[in-house]
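The values are calculated or read from the model by the stated rules, or taken from the named source; none is laboratory data. Everything numeric here is computed off the predicted structure, so don't read it as measured data. FYI the Cβ positions are ideal-geometry reconstructions off the backbone, even for glycines, and counts take in every protein chain you see. Only protein heavy atoms, including side chains, enter the accessible area calculation; ligands, DNA and RNA are left aside. Shrake-Rupley method; radii C 1.70, N 1.55, O 1.52, S 1.80 Å.
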Amino acid sequence: KFRSKYPEKYKAHSAAQLLPCKKGNQLHHWSCNEEHYKDVIELSVLDHALLHRNMIYDQERMMYRNINGILLDTKESHLELLEKIKLWENH
C-alpha cells in the first residue's frame, strides 16, 4: 500500500539502500525528488522519529513542510528544524 501511495518515497529509499550508515542510525531523505535520492541526512532513530513527528509530507513537491506549512527545501532546513525542536523540548 505504501509503495503504491508514495512511489517516489519508495524509489528514494531503494536508491539509498547501499549508502553507508552507522549501526543504529537511519538515513533521512529531506527530498524525494530523483536528483536528491542519495542526498540524505544520517540521524539517530530517535532524532529521525522526532523530525518526522514535526513535518508534513507535500507529495506534489516531493518534500516536507514544517507544522506551520513552510516548505523545507534544503538539507540545512531539516537540520535547523531538528535543532529547534530539540531546544524547544528541553525547555
Stretch gain in nm, segment Arg65-Glu8, where the contour uses 0.36 nm per residue and the Cα spacing is subtracted: 18.9 nm
Pairs from Lys11/Lys75; Lys38/Lys84; Lys1/Lys86; Lys5/Lys84; Lys1/Lys22; Lys1/Lys38 whose Cα-Cα separation, in the structure shown, is over 27 Å: Lys1/Lys86; Lys5/Lys84; Lys1/Lys22
Rounded to the nearest 10 Å², the accessible area of Arg61 at probe 1.4 Å: 110 Å²
Which of Cys21, Cys32 is most accessible, then next, and so on - probe 1.4 Å: Cys21, Cys32
Summed side-chain charge close to His91 - residues other than His91 whose Cβ falls under 15 Å, Lys, Arg +1, Asp, Glu -1: 0
Among His29, His48, His78: highest mean-square fluctuation, GNM of the chain, C-alpha pairs under 10 Å: His48
The chain: C-alpha gyration tensor shape, a/c 1.5 cut-off, then a/b vs b/c: oblate
Ranking by accessible area, most exposed first, for His28, His91, His52 with a 1.4 Å probe: His91, His52, His28
Nearest-20 debye value, the chain charge dipole, Cβ charges on Lys, Arg, Asp, Glu: 460 debye
Derived scalar couplings ³J(HN,Hα) [the stretch 61-74; Karplus, 6.51 cos²θ - 1.76 cosθ + 1.60; whole Hz; x for Gly, Pro]: 8, 6, 9, 10, 10, 6, 5, 8, x, 7, 5, 9, 9, 9
Label-to-label distance, nm, for residues given as Gln26 and Tyr57 (7 Å Cα→Cβ offset): 1.2 nm
Accessible area per residue in Å² at 1.4 Å probe, computed on the chain: 70 Å²
